[in-house]
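Enquirer: Here you go, one structure.
Each value in this text was obtained by applying a stated rule to the coordinates, not by laboratory testing. As the structure is a prediction and not an experimental result, all values here were calculated from the model. For neighbour counting, all protein chains shown are included, and Cβ atoms are generated from backbone atoms with ideal geometry for every residue, glycine included.
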C-alpha cells in the first residue's frame with residue numbers, strides 16, 4: 001500500500017511540475033499505536049475499524 005501511495009504521489013507531482021521527480025517516502029511508527037485509542041481516533045478511525 002505504501003508503494004502505491006508513493007507512486008501515485010510521484011506521478012501527481014510530475015504532472016503538476018512537468019518534470020521528473022525522485023520522491024523518497026518514509027514512515028515513522030509510534031510504538032503500540034494500535035492499542036492507544038487517542039491515536040486511532042486521530043487517524044480518523046473508530047473502535048470498530050470504520051471511518
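Enquirer: Using square roots of five times the C-alpha gyration tensor eigenvalues, list the equivalent-ellipsoid semi-axes of the chain in whole Å, biggest first.
Expert: 31, 13, 8
Enquirer: Divide by every residue of the chain the summed helix terms, -39500 (n - 2.57) for each DSSP H run of at least 4, and state the resulting mean residue ellipticity at 222 nm, rounded to the nearest 500 deg cm²/dmol.
Expert: Helices in the chain give a 222 nm mean residue ellipticity of -13000 deg cm²/dmol.
Enquirer: Okay, next question. Roughly how many nanometres apart are two label points built 7 Å out from the Cα toward the Cβ at residue 31 and residue 2?
Expert: Label-label distance for residue 31 and residue 2, simple model: 1.9 nm.
Enquirer: Can you order the peptides 36-42, 9-15 by their average number of other Cβ atoms within 10 Å per residue, highest first?
Expert: 9-15, 36-42
Enquirer: Specify the angular offset, from 0 to 90 degrees and rounded to the nearest 10, of the alpha carbon long axis of helix 2-17 from the longest principal axis of the alpha carbons in the chain.
Expert: 40
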